[in-house]
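What follows is a short report on a single structure.
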Amino acid sequence: MIQRRAIEFLLQWKERSDRKPLVVRGARQVGKTTLVKEFAKNYDVFLHLNLEKTDDCSLFEQYDDVHELIKAVFLQKSRVNRGSVLLFIDEIQNSKKAVALLRYFYEEANYIHVITAGSLLETVMDVRKISFPVGRVEYLAVRPCSFLEFLDGTGNGFDADLVLNLNASPVHNKIIKHFNDYTLVGGMPAIVSKYAENQDILTLNRVYNSLFQSYKDDVEKYTKSVGTIKIIREILETGWAQAGGIITFEKFGGTNFSSKEMSLAFQTIQKAMLLELVFPTSSTQMPLIPNHRQRPKLIWLDTGLVNYGVGIQKEVFSTKDIQDVWRGRIAEQITAQELLTLDDSLLTKRIFWKRDKHGSEAEVDFVYKYESLAIPVEVKSGHNSKLKSLHLFMDSAPHNWAVRVWSNPFSVDEVSTPNGKKFKLINLPFYYVGVLNKILKSVL
């Protein structure tokens with residue numbers, strides 16, 4: 001069993017007096033239903049309604065009063081009406097009335113704890129014109145397993161504690177090997193669980209293929225536009241090869257589709273949370289405002305899926321340093337994936353830096369928002385003097401802290417830019433990206 005760290009969020013949600021019905025959102029197969037069922041062990045009564053089932057869905061069509069609905073649910077699912085109660089409404093997109101009734105669970109029946117989820121909820125909401133009651137629900141983003149969850153799920157919980165407590169340096173080589181395995185396998189729960197059985201990557205390809213096929217089978221649910229469906233299929237076939245790179249919408253991947261058509265298709269897939277279009281900013285201080293007129297960087301849901309989709313599993317498996325694989329793009333993809341695990345919010349977006357000067361190619365891989373600071377994050381090995389883009393960023397930054405992600409041990413260097421500005425460079429092993437907040441708190 002993989003110990004998902006979102007359980008901590010759910011336990012806090014359970015105890016809050018101002019708790020609202022919780023909408024769990026995330027791509028298919030990231031473990032939303034499994035997470036809720038595991039969390040349900042903290043309740044005396046667990047009621048699970050699956051609105052793909054006619055009988056369950058009909059309950060919401062029969063009742064307009066939330067109290068009458070609750071009575072009907074208890075009669076159908078359980079005759080026990082005491083203690084703490086969790087009601088899980090799965091596949092909620094199948095009933096507009098169920099969505100509408102969420103506000104009354106909050107306003108009139110807050111003694112019932114309600115969690116909802118649904119397959120393709122993000123795209124189906126647009127197609128079926130479903131909207132959740134504003135201010136009456138809250139959201140939790142569920143994503144693929146983080147590195148710490150991967151360690152737990154593969155029987156390496158002791159090493160996970162070392163990373164979590166920032167004590168991994170004495171066993172650096174061991175932990176970085178674990179991280180390389182994580183980069184190869186990825187964080188999809190079904191894949192991690194299968195890998196934990198015998199740690200044989202060849203046995204995973206059937207599961208990878210099944211995940212790919214399920215995403216392709218869902219395309220018609222993303223949109224009603226036949227033209228957009230065709231483009232989405234093309235992206236899901238060939239777009240993995242652009243992971244970690246800056247893309248152009250016009251004729252993407254050698255197609256003849258226009259920029260407008262391709263942009264719409266990408267936005268649709270992004271709503272399904274299969275990928276993120278990461279846009280640049282030219283600012284070195286808060287607020288960081290992305291420039292959506294610039295070309296974005298393409299980051300997919302999961303690095304294991306990228307390795308399978310691009311066909312580079314052998315290269316990742318045999319390398320000692322993931323920065324040597326595929327011109328460093330897998331290293332950038334996995335860093336982006338770990339950065340996203342630092343926050344459970346749906347609003348969290350990654351961003352990179354691009355110098356606002358004509359003819360300049362200066363870019364920093366990511367900019368991380370830490371308190372009031374915009375911290376540059378460069379995924380690169382080598383000598384400090386070769387971090388030219390990072391130096392340019394720091395010359396105009398109002399602080400003196402930067403992060404370089406690499407495969408070497410943790411250290412902090414004092415560096416000077418060619419213009420003479422001194423700054424602290426945090427050399428961060430890949431395995432510490434998921435605890436970056438702790439690292440920054442300990443050194444700043």
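The values are calculated or read from the model by the stated rules, or taken from the named source; none is laboratory data. Fair warning: this is a prediction, and the values are worked out from it, not measured in the lab. Note that we place each Cβ from the backbone using ideal geometry, even for glycine, and neighbour counts take in every protein chain shown. Remember, those area values only see protein heavy atoms, side chains included, never the ligands or the DNA or RNA. Shrake-Rupley method; radii C 1.70, N 1.55, O 1.52, S 1.80 Å.
What the table shows:
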| quantity | calculated |
| --- | --- |
| Residue pairs meeting the criteria (Cβ under 6 Å; at least 6 apart or on separate chains; first aliphatic (A, V, I, L, M), in region 189-213; second open to solvent by 40 Å² or more (accessible area, probe 1.4 Å)) | Leu204/Lys194; Val207/Ala190; Val207/Lys194; Leu211/Gln29 |
| Filtered residue count, region 423-444, keeping only those that are part of a helix (DSSP H, G or I), under 15 Å from Lys369 (Cα atoms) and of a type in the set (A, V, I, L, M, F, W, C) | 5 |
| Qualifying positions in region 357-392 - under 22 Å from Leu298 (Cβ atoms) and either of a type in the set (Phe, Trp, Tyr) or open to solvent by 30 Å² or more (accessible area, probe 1.4 Å) (or both) | Glu361, Glu363, Phe366, Tyr368, Lys369, Lys380 |
| Scope region 177-194; condition buried (at least 24 other Cβ atoms within 10 Å of the Cβ), hydroxyl-bearing (Ser, Thr, Tyr) and within 17 Å of Ile2 (Cβ to Cβ); matching residues | Tyr182 |
| Pairs, first under 22 Å from Met1 (Cβ atoms) and aromatic (Phe, Trp, Tyr) in region 148-176, second open to solvent by less than 50 Å² (accessible area, probe 1.4 Å) and outside any helix (DSSP H, G or I), C-beta under 9 Å, six or more apart | Phe150/Ile2; Phe150/Asn156; Phe150/Gly186; Phe150/Gly187 |
| Those helices (runs of 4 or more DSSP H) lying entirely in region 199-271 with at least 3 residues more than 23 Å from Gly31 (Cα to Cα) and open to solvent by less than 60 Å² (accessible area, probe 1.4 Å) | 226-238, 259-271 |
| Matching option when the condition is assigned to a loop (DSSP other than H, G, I, E, B) and either acidic (Asp, Glu) or under 27 Å from the mean Cα position of the chain (by Cα) (or both), among Thr348, Thr335 | Thr348 |
